[in-house]
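The values are calculated or read from the model by the stated rules, or taken from the named source; none is laboratory data. Model, not experiment: these values are computed from the prediction. Heads up, the Cβs are rebuilt from the backbone with ideal geometry, glycines too, and the neighbour counts pull from every protein chain shown. Side chains included, ligands, DNA and RNA excluded: accessible areas come from the protein's heavy atoms. Shrake-Rupley method; radii C 1.70, N 1.55, O 1.52, S 1.80 Å.
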Amino acid sequence: METSRKRDPSDDLSRLFINPRIKNGLRRAGFCSARSIFSTSYFELRERAGLSNSDVESLISALVQDILPESRTCWELLQEDEGGTSNITSGCSQLDRVLGGGIPAKGITEIYGESGSGKTQLALQLALNAQLPKDLGGLDKGVVYICTESQFPINRLHQMIKHMRNKYPRGPKSYEDRLFIHHIPDLENFLYCIQYQLSTLMSKHEIGIVILDTIAAVFRSDEGPEINRLVTFKKLRHKIHELSSLKKTPVIVLNQVTTSFGSKQMSLYGLNNKVMPSLGLSWANLVTTRVMLSRTESFITTNIYIPTDESSTCSKDAAGAGTAVKPRQSRTVQYRIRTLHVIFCPWLARKSVKFLVTHNGIEDVTDGISPV
């Protein structure tokens with residue numbers, strides 16, 4: 001499909017398809033470019049060029065069609081996006097199936113839930129999976145991870161990286177080199193980072209996704225006047241929307257919840273629950289995809305094997321060759337079953353799926369738990 005070139009407003013008016021009488025009136029009045037016309041008021045243009053109201057409307061319509069690029073339908077925009085990676089694998093086949101291949105690699109995806117529901121664990125998993133090659137469900141790009149509450153869980157990240165290297169031998173040599181982490185506990189610096197620092201970083205490095213963990217925490221920690229918080233919130237919404245739409249960078253936002261007080265549970269998008277995501281309707285209207293994580297009261301018990309610090313033993317194969325083997329110690333652990341609910345998404349049905357958070361990361365409930 002051939003797209004039209006965006007016109008320069010300083011171009012002359014000779015190519016405009018309008019009545020020659022209008023062109024002659026414009027030239028006599030000294031209007032020789034689109035820029036000079038748009039810098040003049042409607043009434044002044046009519047008086048100086050001797051034009052009628054219908055003449056001015058025809059002129060403006062012809063200028064707009066000449067300057068602006070050709071309009072495109074939603075279907076044409078969708079066709080343009082089909083060539084790129086549309087999802088980031090969660091590392092869990094059941095989650096990917098419900099999510100249509102994984103977390104959407106476009107727009108703003110909000111992951112909310114109560115404390116301990118697995119929000120940060122899923123975010124860490126996505127920060128690693130996004131760096132995988134495209135044929136393995138990743139983006140093969142870097143990741144920006146901005147955390148606002150406690151310090152970044154670096155030890156947990158290294159534990160998950162160890163499993164990623166075993167699971168994906170063709171993955172990146174170093175997951176840390178393309179993971180940019182920033183801890184910002186206050187609202188003012190958080191906004192400054194989104195407005196300026198993030199743009200500078202993205203101009204120097206190829207960034208695939210931006211993860212904000214969590215957005216509500218900085219507003220709850222701010223003790224400034226309510227009016228200042230409202231202005232900052234509007235600016236922040238605008239910058240996040242600009243990041244996802246204009247710069248085509250998917251944004252994954254972790255959000256906290258607020259409790260609904262009362263004897264009756266409130267209905268949230270068809271789900272009966274006592275909690276709802278923070279920041280209200282104004283923020284919800286910005287979100288492209290919203291998923292909720294929750295904990296169940298069910299557990300899975302399994303045995304994991306941990307290498308001990310004792311001296312290695314030697315085992316022989318059929319040829320008699322000796323191989324050093326580290327002794328392993330078995331330990332019984334329980335993993336709580338968690339649930340992901342698709343609350344809304346333009347292209348996904350509302351569904352729920354169960355998953356586990358194990359020492360390896362996000363895993364299917366039916367999968368056997370692999371050794372440490």
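Checked against (1) under 17 Å from PRO277 (Cα atoms); (2) surrounded by fewer than 21 Cβ atoms within 10 Å (Cβ to Cβ), THR109 passes all but condition (2).
For the range 139-154, residues that are surrounded by 21 or more Cβ atoms within 10 Å (Cβ to Cβ), touching a helix residue (DSSP H, G or I) at 6+ places or on another chain (Cβ under 6 Å) and closer than 24 Å to GLY102 by Cα total 2.
Selection over the range 169-195 of residues that are within 20 Å of ASN360 (Cβ to Cβ) and open to solvent by less than 30 Å² (accessible area, probe 1.4 Å) gives a count of 4. Any chance the range 196-203 includes a residue that's surrounded by 13 or more Cβ atoms within 10 Å (Cβ to Cβ), assigned to a helix (DSSP H, G or I) and among the small types (Gly, Ala, Ser)? Checked against the condition, which is being surrounded by 13 or more Cβ atoms within 10 Å (Cβ to Cβ), assigned to a helix (DSSP H, G or I) and among the small types (Gly, Ala, Ser), the range 196-203 yields at least one hit.
Considering only residues in the range 87-106 that are charged (D, E, K, R) and assigned to a helix (DSSP H, G or I), the one that is least open to solvent (accessible area, probe 1.4 Å) turns out to be ASP96.
Conditions tested, residue by residue: (1) open to solvent by less than 60 Å² (accessible area, probe 1.4 Å); (2) assigned to a loop (DSSP other than H, G, I, E, B).
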position	(1), (2)
ARG27	no, no
CYS32	no, yes
ARG35	no, no
LEU45	yes, no
ARG48	no, no
ASP55	yes, no
GLN65	no, no
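Against the conditions (1) open to solvent by less than 20 Å² (accessible area, probe 1.4 Å); (2) free of Cβ contacts under 8 Å to residues at least 24 places away in the same chain, MET164 satisfies every one except (2).
In the range 337-357 there is no residue that is at pLDDT 90 or above and more than 30 Å from SER86 (Cα to Cα).
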